Amino acid sequence: MKKLAFTLAEVLITLGIIGVVAALTIPTLMQEQRNKEYVSRFQKAWGLINNAVKLSEAHNGFTKTWDIGTTCADTAFFEKYLNPYFNIAKTCGTNTGQRCWTDSSKTLNDEELPYNDNLSHYKLLLNDGMSLDLCYAHDFSDIGHQIHVAVDTNGPKGPNIGGRDIFKFIVFMNSGQILPLNNSEESKSLSELKEHCLDGTSLTDCGGYLVKNGYKMDY
């Protein structure tokens, strides 16, 4: 009786096809998984900031009643109103070279992002490895005073790219709201937010896009 079997050539052709398909699909699947992790960390960062502000309000009154900060990196302000409500591994303040933040960071279009370890903002490294860069922003318009919080969701580790592991949140002190975008950006369309996120126009556009896009990082 004849025994049916694949020839060596057929086996090699089949393996070759499998290899080509894998080469085309595996990188995409890996990137999708990384993007899901980035989004999860973005949501965690938002939750941590929101939780810290609400805990502080329980002890210090609503944000609109807090003492007004005098400078962007007002040490006394942050030590009173925010530090006690984060799980801090290291407080770097305005000191440089302390590794609370990455040495350099980039936008999605590979331009230099103005957040680094030498920036004279108030910097913290949390126990979970997350980096915070805080700046008290004076705004005497109808919006009121704000606290700007840039977050590197996995600290100095890579990729250190705005819109991937680096985002910016704003604490609106008049209302106590914590949002990943500014008031002027709320009216932007989804395509505008994505475009400005990709070209590095505004770090908050990336967070705003994720929220409006149902937390899908498809850029």
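The values are calculated or read from the model by the stated rules, or taken from the named source; none is laboratory data. What you see is a predicted model; the values in this text were computed from it and never measured. With ideal geometry, Cβ positions are generated from the backbone for all residues, glycine too; neighbour counts draw on all protein chains shown.
A few notes on this one:
- For the stretch 125-162, the tally of residues that are surrounded by 18 or more Cβ atoms within 10 Å (Cβ to Cβ) and either part of a loop (DSSP other than H, G, I, E, B) or not hydrophobic (A, V, I, L, M, F, W, C) (or both) stands at 13.
- Hits in the stretch 177-190 (condition: at pLDDT 90 or above and under 26 Å from Ser131 (Cβ atoms)): Gln177, Ile178, Leu179, Pro180
- Restricting Glu79, Glu57 to those that are acidic (Asp, Glu) and surrounded by 15 or more Cβ atoms within 10 Å (Cβ to Cβ) reduces the list to Glu57.
- Within the stretch 64-82, the only residue that satisfies the criterion of being more than 22 Å from the chain's Cα centre (by Cα), under 20 Å from Leu126 (Cβ atoms) and hydrophobic (A, V, I, L, M, F, W, C) is Phe77.
- Subset of the stretch 60-83 [touching a residue at least 24 places away in the same chain (Cβ under 8 Å) and assigned to a helix (DSSP H, G or I)]: Thr63, Lys64, Thr75, Phe77, Phe78, Tyr81, Asn83
- Which listed residue, of Leu126, Leu210, is among the aliphatic types (A, V, I, L, M), touching a strand residue (DSSP E or B) at 6+ places or on another chain (Cβ under 9 Å) and under 17 Å from Glu37 (Cα atoms): Leu210
- Residue count, the stretch 151-182 (criterion: of a type in the set (A, V, I, L, M, F, W, C) and within 14 Å of Gly47 (Cα to Cα)): 7
- Counting only residues that are aliphatic (A, V, I, L, M) and over 27 Å from Asp67 (Cβ atoms), the stretch 143-186 holds 2 of them.
- Pairs with Cβ under 8 Å, 6+ apart, first in the stretch 1-28 and over 30 Å from Met217 (Cβ atoms), second at pLDDT 70 or above: Phe6/Thr14
- Qualifying residue in the stretch 13-36 (condition: modelled with pLDDT of 90 or more and of a type outside the set (Lys, Arg)): yes
- Residue in the stretch 69-90 that is more than 23 Å from Tyr215 (Cα to Cα) and modelled with pLDDT under 85 present: no
- Residues (assigned to a helix (DSSP H, G or I) and closer than 21 Å to Lys36 by Cα) located in the stretch 163-195: Leu190, Ser191, Leu193, Lys194, Glu195
- Evaluating Asp110 against the criteria (1) on the phi < 0 side of the Ramachandran plot; (2) over 16 Å from the mean Cα position of the chain (by Cα); (3) not hydroxyl-bearing (Ser, Thr, Tyr) leaves one unmet condition, (1).
- Residue within the stretch 124-137 that is closer than 19 Å to Lys216 by Cα and at pLDDT 90 or above present: no
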